[in-house]
Amino acid sequence: MTVTDALARPLRDLRISVTDRCNFRCVYCMPREVFGRDYEFLERAELLTFEEIERLARIFVGDHGVSKIRLTGGEPLVRREVERLVEMLARIPGLGDLAMTTNGSALARKARALGDAGLRRITVSLDSLDNEVFAAVNDVGFPVERVLAGIEAAAAAGLGPIKINMVVKRGVNEDSVVSMARYFRGSGHIVRFIEYMDVGHSNGWRMDEVVPAAEIVAMIGAEMPLEPVAPNYPGEVVERWRYGDGIGEIGVIASVTRPFCGGCTRARLSAEGKLFTCLFAVAGHDLRALLRSGASDAEISAAIGGIWRMREDRYSELRTAATAGLPKVEMSYIGG
Ligand code: SF4
(Lines give C-alpha, C1' and ligand atoms only; values in the text may rest on other atoms or scores of the structure.)
Protein backbone atom coordinates (compact mmCIF):
# COMPACT_ATOMS: atom_id res chain seq x y z
CA MET A 1 0.00 0.00 0.00
CA THR A 2 1.34 3.46 -0.92
CA VAL A 3 0.88 6.42 1.38
CA THR A 4 0.73 9.92 -0.10
CA ASP A 5 1.44 13.27 1.52
CA ALA A 6 -0.61 16.49 1.63
CA LEU A 7 0.67 17.33 -1.90
CA ALA A 8 -0.24 13.86 -3.23
CA ARG A 9 3.38 12.71 -3.34
CA PRO A 10 3.93 9.02 -2.61
CA LEU A 11 6.66 7.77 -0.27
CA ARG A 12 9.08 5.83 -2.49
CA ASP A 13 12.62 6.48 -1.32
CA LEU A 14 14.06 6.06 2.15
CA ARG A 15 17.51 7.44 2.86
CA ILE A 16 19.01 5.92 5.96
CA SER A 17 21.94 7.61 7.69
CA VAL A 18 23.95 5.00 9.58
CA THR A 19 26.33 7.47 11.26
CA ASP A 20 26.80 11.22 11.73
CA ARG A 21 30.59 10.79 11.58
CA CYS A 22 32.86 11.23 8.60
CA ASN A 23 36.58 11.10 7.92
CA PHE A 24 36.35 14.12 5.59
CA ARG A 25 35.54 17.74 6.46
CA CYS A 26 34.04 18.93 3.19
CA VAL A 27 33.62 22.69 3.33
CA TYR A 28 30.04 22.65 1.98
CA CYS A 29 28.85 20.02 4.46
CA MET A 30 31.05 19.57 7.55
CA PRO A 31 33.26 22.64 7.88
CA ARG A 32 36.09 21.98 10.31
CA GLU A 33 35.42 25.18 12.26
CA VAL A 34 32.12 23.63 13.40
CA PHE A 35 32.88 19.92 13.25
CA GLY A 36 36.17 20.17 15.12
CA ARG A 37 37.77 18.15 17.96
CA ASP A 38 35.12 19.22 20.49
CA TYR A 39 32.11 18.45 18.31
CA GLU A 40 29.77 16.02 20.06
CA PHE A 41 28.90 13.24 17.68
CA LEU A 42 26.29 10.63 18.54
CA GLU A 43 27.39 8.03 21.05
CA ARG A 44 27.17 4.34 20.04
CA ALA A 45 24.19 3.70 22.34
CA GLU A 46 22.29 6.52 20.65
CA LEU A 47 22.64 4.93 17.20
CA LEU A 48 19.96 2.61 15.90
CA THR A 49 21.22 -0.96 15.88
CA PHE A 50 21.23 -2.85 12.59
CA GLU A 51 18.26 -4.86 13.87
CA GLU A 52 16.30 -1.66 14.61
CA ILE A 53 17.15 -0.23 11.17
CA GLU A 54 16.06 -3.46 9.50
CA ARG A 55 12.77 -3.51 11.45
CA LEU A 56 11.95 0.05 10.41
CA ALA A 57 12.96 -0.64 6.80
CA ARG A 58 10.63 -3.65 6.69
CA ILE A 59 7.74 -1.44 7.83
CA PHE A 60 8.54 1.32 5.29
CA VAL A 61 8.75 -1.24 2.45
CA GLY A 62 5.95 -3.57 3.55
CA ASP A 63 3.38 -1.01 4.64
CA HIS A 64 4.14 2.28 2.90
CA GLY A 65 5.39 1.53 -0.61
CA VAL A 66 9.09 2.30 -0.23
CA SER A 67 10.91 0.59 -3.10
CA LYS A 68 14.36 2.15 -2.83
CA ILE A 69 16.68 2.44 0.13
CA ARG A 70 19.87 4.48 0.07
CA LEU A 71 22.45 4.18 2.86
CA THR A 72 24.19 7.44 3.73
CA GLY A 73 25.99 9.12 6.64
CA GLY A 74 28.15 11.14 7.43
CA GLU A 75 30.29 8.55 5.73
CA PRO A 76 28.52 5.14 5.87
CA LEU A 77 31.71 3.15 5.48
CA VAL A 78 33.06 4.43 8.81
CA ARG A 79 30.29 2.45 10.55
CA ARG A 80 31.78 -0.93 11.43
CA GLU A 81 30.43 -4.02 9.67
CA VAL A 82 28.03 -1.99 7.53
CA GLU A 83 28.09 -4.91 5.07
CA ARG A 84 26.11 -6.89 7.61
CA LEU A 85 23.37 -4.27 7.51
CA VAL A 86 23.45 -4.37 3.69
CA GLU A 87 22.89 -8.12 3.84
CA MET A 88 19.94 -7.73 6.24
CA LEU A 89 18.29 -5.05 4.09
CA ALA A 90 18.90 -6.89 0.81
CA ARG A 91 16.70 -9.72 2.11
CA ILE A 92 13.62 -7.51 2.62
CA PRO A 93 10.81 -8.72 0.32
CA GLY A 94 9.57 -6.05 -2.08
CA LEU A 95 12.68 -3.85 -1.87
CA GLY A 96 13.47 -2.96 -5.50
CA ASP A 97 16.74 -1.12 -5.05
CA LEU A 98 19.49 -0.83 -2.42
CA ALA A 99 22.13 1.85 -2.93
CA MET A 100 24.80 3.73 -0.98
CA THR A 101 26.44 7.15 -1.15
CA THR A 102 30.06 7.26 -0.03
CA ASN A 103 33.09 9.52 -0.22
CA GLY A 104 34.95 6.55 -1.65
CA SER A 105 37.79 6.67 0.87
CA ALA A 106 37.33 3.01 1.94
CA LEU A 107 35.72 1.73 -1.25
CA ALA A 108 38.79 0.04 -2.76
CA ARG A 109 38.88 -2.14 0.35
CA LYS A 110 35.14 -2.67 0.84
CA ALA A 111 33.55 -2.77 -2.63
CA ARG A 112 33.68 -6.55 -3.06
CA ALA A 113 32.15 -7.23 0.36
CA LEU A 114 29.36 -4.69 -0.28
CA GLY A 115 28.56 -6.30 -3.62
CA ASP A 116 28.57 -9.78 -2.12
CA ALA A 117 26.27 -8.57 0.68
CA GLY A 118 23.66 -7.49 -1.86
CA LEU A 119 24.29 -3.80 -2.50
CA ARG A 120 22.97 -2.93 -5.98
CA ARG A 121 24.41 0.51 -6.75
CA ILE A 122 26.85 3.01 -5.39
CA THR A 123 27.30 6.77 -5.69
CA VAL A 124 30.71 8.26 -5.00
CA SER A 125 31.31 11.92 -4.10
CA LEU A 126 34.29 13.45 -5.89
CA ASP A 127 34.56 17.23 -6.19
CA SER A 128 37.62 17.59 -8.44
CA LEU A 129 40.33 15.57 -10.22
CA ASP A 130 42.87 18.19 -9.18
CA ASN A 131 44.52 17.01 -5.98
CA GLU A 132 45.00 20.50 -4.60
CA VAL A 133 41.41 21.51 -5.25
CA PHE A 134 40.05 18.22 -3.91
CA ALA A 135 42.21 18.48 -0.79
CA ALA A 136 40.92 22.02 -0.25
CA VAL A 137 37.32 20.78 -0.50
CA ASN A 138 37.61 17.66 1.70
CA ASP A 139 39.93 19.55 4.06
CA VAL A 140 41.78 16.40 5.13
CA GLY A 141 44.16 16.22 2.20
CA PHE A 142 42.64 12.99 0.86
CA PRO A 143 44.08 12.21 -2.61
CA VAL A 144 42.02 11.85 -5.78
CA GLU A 145 43.70 8.65 -6.91
CA ARG A 146 42.44 6.72 -3.89
CA VAL A 147 38.85 7.67 -4.68
CA LEU A 148 39.40 6.72 -8.33
CA ALA A 149 40.76 3.35 -7.16
CA GLY A 150 37.55 2.92 -5.14
CA ILE A 151 35.44 3.66 -8.21
CA GLU A 152 37.36 1.05 -10.19
CA ALA A 153 36.94 -1.51 -7.40
CA ALA A 154 33.20 -0.81 -7.22
CA ALA A 155 32.86 -1.28 -10.98
CA ALA A 156 34.81 -4.54 -10.76
CA ALA A 157 32.47 -5.66 -7.96
CA GLY A 158 29.47 -5.17 -10.26
CA LEU A 159 28.14 -2.02 -8.56
CA GLY A 160 28.18 -0.01 -11.79
CA PRO A 161 27.41 2.10 -13.64
CA ILE A 162 28.78 4.27 -10.88
CA LYS A 163 27.22 7.66 -10.21
CA ILE A 164 29.75 10.34 -9.28
CA ASN A 165 28.46 13.39 -7.38
CA MET A 166 30.33 16.67 -7.68
CA VAL A 167 29.12 19.67 -5.64
CA VAL A 168 30.12 22.82 -7.56
CA LYS A 169 30.92 25.89 -5.46
CA ARG A 170 31.98 29.14 -7.12
CA GLY A 171 35.47 30.20 -6.20
CA VAL A 172 36.34 26.65 -5.12
CA ASN A 173 36.01 24.07 -7.90
CA GLU A 174 34.04 25.39 -10.88
CA ASP A 175 37.24 25.14 -12.94
CA SER A 176 37.15 21.37 -12.39
CA VAL A 177 33.74 20.87 -14.04
CA VAL A 178 34.87 20.34 -17.63
CA SER A 179 37.83 18.13 -16.70
CA MET A 180 35.51 15.91 -14.61
CA ALA A 181 33.11 15.56 -17.55
CA ARG A 182 35.95 14.87 -19.98
CA TYR A 183 37.56 12.23 -17.70
CA PHE A 184 34.42 10.13 -17.17
CA ARG A 185 32.98 10.60 -20.66
CA GLY A 186 32.68 7.18 -22.33
CA SER A 187 33.53 5.34 -19.08
CA GLY A 188 29.93 4.27 -18.52
CA HIS A 189 29.97 6.13 -15.18
CA ILE A 190 27.71 9.17 -14.82
CA VAL A 191 28.86 12.43 -13.25
CA ARG A 192 26.11 14.46 -11.58
CA PHE A 193 26.94 18.10 -11.01
CA ILE A 194 25.14 19.42 -7.92
CA GLU A 195 24.32 23.05 -7.23
CA TYR A 196 25.79 24.15 -3.89
CA MET A 197 22.93 24.16 -1.38
CA ASP A 198 22.10 25.88 1.90
CA VAL A 199 21.93 22.57 3.72
CA GLY A 200 22.16 22.69 7.51
CA HIS A 201 23.21 25.87 9.24
CA SER A 202 27.01 25.70 9.28
CA ASN A 203 28.36 26.07 5.73
CA GLY A 204 27.88 29.86 5.44
CA TRP A 205 25.94 29.45 2.20
CA ARG A 206 25.59 32.42 -0.13
CA MET A 207 23.64 32.57 -3.39
CA ASP A 208 26.58 34.15 -5.24
CA GLU A 209 28.61 31.01 -4.59
CA VAL A 210 26.07 28.86 -6.44
CA VAL A 211 27.02 27.91 -10.01
CA PRO A 212 23.62 27.48 -11.68
CA ALA A 213 22.90 24.26 -13.57
CA ALA A 214 22.45 26.21 -16.79
CA GLU A 215 25.99 27.57 -16.47
CA ILE A 216 27.41 24.10 -15.76
CA VAL A 217 25.70 22.64 -18.84
CA ALA A 218 26.92 25.57 -20.94
CA MET A 219 30.51 25.13 -19.72
CA ILE A 220 30.57 21.44 -20.69
CA GLY A 221 28.49 21.90 -23.83
CA ALA A 222 30.95 24.46 -25.19
CA GLU A 223 33.48 21.64 -25.62
CA MET A 224 31.26 18.52 -25.68
CA PRO A 225 27.77 19.35 -27.04
CA LEU A 226 24.88 18.08 -24.91
CA GLU A 227 21.21 17.42 -25.46
CA PRO A 228 18.49 16.94 -22.81
CA VAL A 229 17.13 13.45 -22.11
CA ALA A 230 13.83 12.44 -20.48
CA PRO A 231 13.97 11.32 -16.83
CA ASN A 232 14.29 7.58 -16.11
CA TYR A 233 11.22 7.76 -13.86
CA PRO A 234 8.79 10.41 -12.50
CA GLY A 235 10.29 12.36 -9.61
CA GLU A 236 13.88 11.64 -10.61
CA VAL A 237 16.02 14.33 -8.96
CA VAL A 238 18.66 14.57 -11.64
CA GLU A 239 18.24 16.34 -14.98
CA ARG A 240 19.81 14.11 -17.63
CA TRP A 241 21.94 15.43 -20.50
CA ARG A 242 23.55 13.12 -23.08
CA TYR A 243 26.53 13.94 -25.27
CA GLY A 244 25.48 14.78 -28.81
CA ASP A 245 27.76 12.08 -30.18
CA GLY A 246 26.07 9.52 -27.96
CA ILE A 247 29.13 8.75 -25.83
CA GLY A 248 27.49 8.76 -22.42
CA GLU A 249 25.64 11.28 -20.31
CA ILE A 250 25.90 13.61 -17.36
CA GLY A 251 23.37 14.84 -14.83
CA VAL A 252 22.72 18.08 -13.01
CA ILE A 253 20.90 18.44 -9.69
CA ALA A 254 19.49 21.96 -9.59
CA SER A 255 17.84 22.23 -6.18
CA VAL A 256 18.48 25.99 -6.02
CA THR A 257 17.71 27.28 -9.51
CA ARG A 258 15.26 24.59 -10.74
CA PRO A 259 13.66 23.05 -7.61
CA PHE A 260 11.94 19.67 -7.93
CA CYS A 261 9.87 19.49 -4.74
CA GLY A 262 6.71 18.71 -6.72
CA GLY A 263 7.95 15.20 -7.38
CA CYS A 264 9.80 14.63 -4.10
CA THR A 265 9.14 11.12 -2.77
CA ARG A 266 12.03 11.00 -0.25
CA ALA A 267 12.06 10.47 3.49
CA ARG A 268 15.21 10.47 5.61
CA LEU A 269 16.04 8.55 8.75
CA SER A 270 18.85 9.82 10.96
CA ALA A 271 21.32 7.47 12.62
CA GLU A 272 19.54 7.95 15.94
CA GLY A 273 16.14 7.12 14.47
CA LYS A 274 14.55 10.49 13.71
CA LEU A 275 12.36 10.68 10.60
CA PHE A 276 12.76 13.81 8.46
CA THR A 277 10.42 14.66 5.60
CA CYS A 278 12.75 17.15 3.88
CA LEU A 279 16.51 17.63 3.50
CA PHE A 280 16.05 21.18 4.76
CA ALA A 281 13.85 20.30 7.74
CA VAL A 282 14.38 21.95 11.10
CA ALA A 283 13.02 19.04 13.18
CA GLY A 284 12.36 15.29 12.88
CA HIS A 285 10.04 12.70 14.41
CA ASP A 286 11.49 10.29 16.98
CA LEU A 287 10.92 6.69 15.87
CA ARG A 288 13.63 5.30 18.17
CA ALA A 289 11.50 6.13 21.22
CA LEU A 290 8.73 3.97 19.76
CA LEU A 291 11.15 1.16 18.94
CA ARG A 292 12.65 1.18 22.43
CA SER A 293 9.37 1.58 24.33
CA GLY A 294 7.90 -1.68 23.07
CA ALA A 295 5.60 -0.30 20.38
CA SER A 296 4.27 -2.91 17.96
CA ASP A 297 5.00 -2.87 14.24
CA ALA A 298 1.43 -1.74 13.66
CA GLU A 299 1.85 1.23 16.02
CA ILE A 300 5.14 2.25 14.41
CA SER A 301 3.64 1.83 10.97
CA ALA A 302 0.67 4.02 11.89
CA ALA A 303 3.00 6.70 13.19
CA ILE A 304 5.03 6.71 9.94
CA GLY A 305 1.88 6.86 7.84
CA GLY A 306 0.54 9.73 9.91
CA ILE A 307 3.76 11.72 9.59
CA TRP A 308 3.92 11.31 5.83
CA ARG A 309 0.23 12.14 5.28
CA MET A 310 0.79 15.49 7.04
CA ARG A 311 3.87 16.33 4.95
CA GLU A 312 3.76 19.63 3.03
CA ASP A 313 7.51 20.26 2.62
CA ARG A 314 8.73 22.11 -0.45
CA TYR A 315 11.62 24.09 0.93
CA SER A 316 13.50 24.59 -2.33
CA GLU A 317 10.46 26.19 -3.93
CA LEU A 318 10.11 28.56 -0.98
CA ARG A 319 13.80 29.32 -0.42
CA THR A 320 14.70 32.95 0.25
CA ALA A 321 17.76 34.65 1.67
CA ALA A 322 15.96 34.59 5.04
CA THR A 323 15.22 30.84 5.03
CA ALA A 324 18.89 30.09 4.38
CA GLY A 325 19.55 31.08 8.02
CA LEU A 326 17.01 28.73 9.58
CA PRO A 327 18.44 26.16 12.06
CA LYS A 328 18.08 23.37 9.50
CA VAL A 329 19.30 19.88 10.28
CA GLU A 330 22.88 19.20 9.17
CA MET A 331 23.33 17.18 5.99
CA SER A 332 26.06 15.16 7.67
CA TYR A 333 23.45 14.13 10.25
CA ILE A 334 20.67 12.99 7.86
CA GLY A 335 22.65 12.24 4.71
CA GLY A 336 22.10 14.17 1.43
S1 SF4 B 1 13.67 20.63 -0.66
FE2 SF4 B 1 12.66 19.07 0.57
S3 SF4 B 1 10.71 18.73 -0.47
FE4 SF4 B 1 12.02 19.80 -1.90
S5 SF4 B 1 13.00 18.22 -3.11
FE6 SF4 B 1 14.39 18.66 -1.41
S7 SF4 B 1 13.86 17.21 0.19
FE8 SF4 B 1 12.16 17.26 -1.28
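The values are calculated or read from the model by the stated rules, or taken from the named source; none is laboratory data. Predicted, not measured: the structure shown is a model, and the values here were computed from it. As a convention, Cβ positions derive from the backbone with ideal geometry for all residues, glycine included, and neighbour counts pool all protein chains shown. For the accessible areas, the whole protein counts, side chains as well, though only heavy atoms, and no ligand, DNA or RNA atoms are used. Shrake-Rupley method; radii C 1.70, N 1.55, O 1.52, S 1.80 Å.
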| message | Taking the conditions exactly as written (polar (S, T, N, Q) and part of a loop (DSSP other than H, G, I, E, B)), does Thr19 satisfy them or not? | response | yes
| task | Report yes if some residue within region 245-260 is without any contact (Cβ under 8 Å) to a residue 24 or more places away in the chain and over 20 Å from Ile334 (Cα atoms); otherwise report no. | result | yes
| field | Selected residue [touching a Leu at 6+ places or on another chain (Cβ under 9 Å) and open to solvent by 30 Å² or more (accessible area, probe 1.4 Å)] from Thr4, Thr19 | value | Thr4
| task | Could you tell me whether any residue of region 56-76 is surrounded by fewer than 21 Cβ atoms within 10 Å (Cβ to Cβ) and modelled with pLDDT under 95? | result | no
| query | Within region 273-311, how many residues are surrounded by fewer than 18 Cβ atoms within 10 Å (Cβ to Cβ), part of a loop (DSSP other than H, G, I, E, B) and more than 14 Å from the ligand (Cβ to nearest atom)? | reply | 5
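To keep it simple, each residue is scored yes or no on (1) within 21 Å of Leu7 (Cα to Cα); (2) within 11 Å of the ligand (Cβ to nearest atom).
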{"position": "Ala218", "(1), (2)": "no, no"}
{"position": "Gly221", "(1), (2)": "no, no"}
{"position": "Met224", "(1), (2)": "no, no"}
{"position": "Pro234", "(1), (2)": "yes, no"}
{"position": "Glu239", "(1), (2)": "no, no"}
{"position": "Gly251", "(1), (2)": "no, no"}
{"position": "Ser255", "(1), (2)": "yes, yes"}
{"position": "Gly263", "(1), (2)": "yes, yes"}
| field | Criterion violated by Arg268 - all others in (1) in contact with a Gly (Cβ under 7 Å, 6 or more places away or on another chain); (2) in a loop (DSSP other than H, G, I, E, B) satisfied | value | (2)
| request: Give Gly171, Gly158, Gly141, Gly115 a once-over and let me know the one that is at pLDDT 95 or above, part of a helix (DSSP H, G or I) and of a type in the set (Gly, Ala, Ser). | output: Gly115
| message | Here is a list: Leu56, Leu85, Leu42, Leu77. Which entry is in a helix (DSSP H, G or I) and farther than 24 Å from Thr265 by Cβ? | response | Leu77
| message | Of the residues Gly251, Gly221, Gly244, only one is closer than 15 Å to Arg185 by Cβ and within 15 Å of the chain's Cα centre (by Cα); which? | response | Gly251
| query | Considering region 88-111 alone, what residues qualify as being part of a helix (DSSP H, G or I) and charged (D, E, K, R)? | reply | Arg109, Lys110
| said: Filter region 312-322 down to the residues that are surrounded by fewer than 20 Cβ atoms within 10 Å (Cβ to Cβ), within 15 Å of the ligand (Cβ to nearest atom) and touching a residue at least 60 places away in the same chain (Cβ under 8 Å) and list them by number. | reply: Glu312, Arg314, Arg319
| remark: Expected single match for of a type outside the set (Ser, Thr, Tyr) and open to solvent by 30 Å² or more (accessible area, probe 1.4 Å) among Ala136, Ala154, Ala111, Ala117 is Ala136
| remark: Restricting attention to region 210-255, the residues that are open to solvent by 60 Å² or more (accessible area, probe 1.4 Å) and among the charged types (D, E, K, R) number exactly 5
| field | Residue ID - nearest to the ligand (Cβ to nearest atom), chosen from residues in region 325-336 that are open to solvent by 20 Å² or more (accessible area, probe 1.4 Å) and in a helix (DSSP H, G or I) | value | Met331
| over 20 Å from the mean Cα position of the chain (by Cα) and either open to solvent by less than 50 Å² (accessible area, probe 1.4 Å) or within 15 Å of the ligand (Cβ to nearest atom) (or both), is that true of Met180? | no
